[in-house]
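Take a look at the structure below.
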């Protein structure tokens, strides 16, 4: 499936599988994008992001595979996802701008990276994000003491307090998984440069604009005021 999607297996220094990648046809690339997907997906399921982005810009695209997903061994948890994200990020090239794309649960991973490596990330796009997973869970399970039961909290708003770069956020007006109010809390709570894309009829991680138009806007937002690498 990866080969048919023109994606290569991405491995660490020990030769272990950590995700998929597709380098830009034009080299040297203008930037690097790391994608962290949502709970119901896998790295191969993000091929459309790689295609949509590379139709607009000559970016190298890397897609993190989570432990316990697809054929990557391990067990998924906040701790293991963050550890995998740390490893992946540290393997990326440092001679070009690095951007993050997170969707749904993956926005919790992307904001963690943004807060942890704040001076190394040029921009972020968060698709259907949340301010904190506990708030979303409590919204779905009103009678349960979620804040006492939930171990993996993914406090995105906390991590973004340590980031000052550009953050774009998409919101779906008909999102029943992460209701838009939680995405908007994250957006309004962020003090840095930001842009909001609202899709009133959009569901979860649904982008209603033409992909090329949307990603062109995202990349222009990321690169505005950024000096070009020679």
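If a residue has to be in contact with a helix residue (DSSP H, G or I) (Cβ under 9 Å, 6 or more places away or on another chain) and either closer than 19 Å to residue 219 by Cα or free of Cβ contacts under 8 Å to residues at least 60 places away in the same chain (or both) to count, how many in the stretch 93-112 make the cut? Step through it out loud before you land on a result.
So in the stretch 93-112, the residues in contact with a helix residue (DSSP H, G or I) (Cβ under 9 Å, 6 or more places away or on another chain) come out as 94, 97-103, 105-112.
Now drop any that are not either closer than 19 Å to residue 219 by Cα or free of Cβ contacts under 8 Å to residues at least 60 places away in the same chain (or both), which leaves 94, 97-103, 107-108, 110-112.
Here the count works out to 13.
Being part of a loop (DSSP other than H, G, I, E, B), surrounded by 21 or more Cβ atoms within 10 Å (Cβ to Cβ) and under 16 Å from the mean Cα position of the chain (by Cα), is that true of even one residue in the stretch 109-116?
Keep residues of the stretch 109-116 that are part of a loop (DSSP other than H, G, I, E, B), which gives none.
Scanning the stretch 109-116, I find no residue that is part of a loop (DSSP other than H, G, I, E, B), surrounded by 21 or more Cβ atoms within 10 Å (Cβ to Cβ) and under 16 Å from the mean Cα position of the chain (by Cα), so the answer is no.
If you go through the stretch 145-154 one residue at a time, do you hit one that is modelled with pLDDT under 95, under 15 Å from the mean Cα position of the chain (by Cα) and not in a strand (DSSP E or B)? Among the residues of the stretch 145-154, at least one is modelled with pLDDT under 95, under 15 Å from the mean Cα position of the chain (by Cα) and not in a strand (DSSP E or B), which makes the answer yes.
Restricting the stretch 1-39 to residues that are within 16 Å of the chain's Cα centre (by Cα) and free of Cβ contacts under 8 Å to residues at least 60 places away in the same chain leaves a set whose member that is surrounded by the fewest Cβ atoms within 10 Å (Cβ to Cβ) is 21. Please verify whether the stretch 70-78 includes one or more residues that are over 25 Å from residue 156 (Cβ atoms), at pLDDT below 95 and out of contact with any strand residue (DSSP E or B) (no Cβ under 9 Å at 6 or more places or on another chain). No, that holds for no residue. When the stretch 194-223 is limited to residues that are more than 15 Å from residue 170 (Cα to Cα) and modelled with pLDDT of 90 or more, the one that is surrounded by the fewest Cβ atoms within 10 Å (Cβ to Cβ) turns out to be 220.
The values are calculated or read from the model by the stated rules, or taken from the named source; none is laboratory data. Predicted, not measured: the structure shown is a model, and the values here were computed from it. Note that each Cβ is placed from the backbone with ideal geometry, even for glycine, and that neighbours are counted across all protein chains shown.
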